[in-house]
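Notes follow once the structure below has been shown.
The values are calculated or read from the model by the stated rules, or taken from the named source; none is laboratory data. Fair warning: this is a prediction, and the values are worked out from it, not measured in the lab. Using ideal geometry, Cβ is built from the backbone for each residue, glycine included, and neighbour counts are taken over all protein chains shown. Only protein heavy atoms, including side chains, enter the accessible area calculation; ligands, DNA and RNA are left aside. Shrake-Rupley method; radii C 1.70, N 1.55, O 1.52, S 1.80 Å.
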Amino acid sequence: MSTEGKGMMYRMRDGSIVSHRLVSSSKGKSPVVELKARNAPGIKSLKIHFVRKGK
């Protein structure tokens, strides 16, 4: 596990990456979890943004 100053990142044995950032670079600046699958045909990368209700 490592930190990049913006959040936490974990690189798995197959090269896949799971990262968590408290503030995203998107317009809403919401927290985000990103999953980057490597060596996994048919599996797409995914970003999950956590948005507060009412925004």
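When the chain is modelled as a GNM with alpha-carbon springs shorter than 10 Å, which of G15, G42, G28 fluctuates the most?
Maximum fluctuation in the GNM of the chain, among the listed residues, is at G42.
Of S25, S45, S16, which is the most mobile in a GNM of the chain whose springs link Cα atoms less than 10 angstrom apart?
Ranking S25, S45, S16 by mean-square fluctuation puts S25 first.
Work out from phi, with θ = phi - 60° and the Karplus expression 6.51 cos²θ - 1.76 cosθ + 1.60, the ³J(HN,Hα) of each residue of region 29-42, listed in order in whole Hz, and give x for Gly and Pro.
With the stated coefficients, region 29-42 comes to 6, 6, x, 9, 10, 10, 10, 10, 7, 10, 6, 9, x, x Hz.
Nothing charged except the Cβ atoms of Lys and Arg (+1) and of Asp and Glu (-1): what's the magnitude of the dipole of the chain about its Cα centre? Round to the nearest 20 debye.
Charge dipole of the chain: 300 debye, to the nearest 20.
What nm value, rounded to one decimal, do you get for the distance between I48 and K27 when each label is placed 7 Å out toward the C-beta?
2.4
Considering the options I17, P31, G42, tell which one lies farthest towards the positive end of the dipole of the chain, charges being +1 on Lys and Arg and -1 on Asp and Glu at the Cβ, about the Cα centre.
P31
For the chain, with all protein chains present and a 1.4 Å probe, just round the carbon and sulfur fraction of the accessible area to a whole percent.
57
Quick one: net charge around D14, please, counting Lys, Arg +1 and Asp, Glu -1 for every other residue with C-beta under 14 Å from its C-beta.
So the surrounding residues net to +4.
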